[in-house]
1. Restrict the check to the range 88-108 and report whether at least one residue is under 18 Å from the mean Cα position of the chain (by Cα), basic (Lys, Arg), within 23 Å of Phe226 (Cβ to Cβ) and surrounded by 18 or more Cβ atoms within 10 Å (Cβ to Cβ).
2. Could you tell me whether Leu156 is without any contact (Cβ under 8 Å) to a residue 12 or more places away in the chain and among the aliphatic types (A, V, I, L, M)?
3. Just one of (1) assigned to a loop (DSSP other than H, G, I, E, B); (2) within 15 Å of Arg179 (Cβ to Cβ) trips up Gln124, so point out which.
4. Would it be correct to say that Thr134 is of a type in the set (Val, Ile, Thr), exposed (fewer than 14 other Cβ atoms within 10 Å of the Cβ) and modelled with pLDDT under 95?
5. Which one is surrounded by the most Cβ atoms within 10 Å (Cβ to Cβ), of the residues in the range 26-62 that are polar (S, T, N, Q) and in a strand (DSSP E or B)?
6. In the list Ile225, Ile219, which residue meets the criterion of being of a type in the set (A, V, I, L, M) and either in a strand (DSSP E or B) or surrounded by 16 or more Cβ atoms within 10 Å (Cβ to Cβ) (or both)?
7. Quick one: Ala182 ticks every box in (1) in contact (Cβ under 8 Å) with a residue 40 or more places away in the chain; (2) within 24 Å of Leu120 (Cα to Cα); (3) surrounded by 20 or more Cβ atoms within 10 Å (Cβ to Cβ) except a single one, so which number is it?
Amino acid sequence: MDTSLLTLADKKRIAQALKRYEKERPDIQQVAKLVHVLLAEYPKLKSLIHSVNWRIKETSHLEHKLIRKTLEIPKPGELPKEPITAENLFDRIEDLAGVRILHLHTSQFRRINKLLLEALQMQQWVVTGPEANTWDDEYRDFFKKMGVKTVSRESLYTSVHYILKTSATSAYKCELQVRTLAEEIWGEVSHTIDYPEPTTSIACKEQLKVLARVSSSCIRLVDSIFESEKEHKSRK
């Protein structure tokens, strides 16, 4: 990333935003922990999920993100966005705190979505979403039939996202991701190779696209296995 394109005002603004983030990291971490405990310990969800993890964004990763967004060129017809500052940081960056639910197969999502919304509503959390990131037409139809908004990313990123707040007036947000184990394989490899700095290797970029398609095929196979088992049991 060419930081030489940043102005002195840009650098000062980014430094102030990072300073605020460092100061308030313990509070952001507490939000992530609250979501993790709530969902990991919710009895109705336990049989449906493989695991629940939490994290907060590394300061170096946030710095890369702020630089990237500062240097971002608006798309044709788009108005330039207001710069991210220390004052609006927690409003503009929604993934400073993150929780991830992993599960085995696609059909589980219907109940997972219903139950996690139930758990969050009981604790009066404010929820935006879900929004499904998917490039696969078949799975896009699956989510649309549930009334879930879908988004396609050029990177072939796949995951369902929610944005959570403890209350309407809370300054802190937590991004909740729900994905299958097969999607997690692609996500972790991509995150390691292509984030926060995108890889410059054309071969790696192409291989990540292949891995996305292999992961999608794996999901289909896992879904089929569980459907076959369900049908087999129904015949007994």
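1. yes
2. The answer is no for Leu156.
3. (2)
4. The answer is no for Thr134.
5. Asn53
6. After ruling out the rest, the residue left standing is Ile219.
7. (2)
For (1) part of a helix (DSSP H, G or I); (2) in contact with a strand residue (DSSP E or B) (Cβ under 6 Å, 6 or more places away or on another chain); (3) of a type outside the set (Gly, Ala, Ser), each residue gets a yes or a no:
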site: His64; (1), (2), (3): yes, no, yes
site: Ile73; (1), (2), (3): no, no, yes
site: Ile84; (1), (2), (3): no, no, yes
site: Asp91; (1), (2), (3): yes, no, yes
site: Arg111; (1), (2), (3): yes, no, yes
site: Ala132; (1), (2), (3): no, yes, no
site: Tyr139; (1), (2), (3): yes, no, yes
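The values are calculated or read from the model by the stated rules, or taken from the named source; none is laboratory data. No experiment lies behind these values; they were computed from the predicted model shown. A quick note on method: Cβ atoms are made from the backbone with ideal geometry, for glycine too, and the neighbour counts reach across all protein chains shown.
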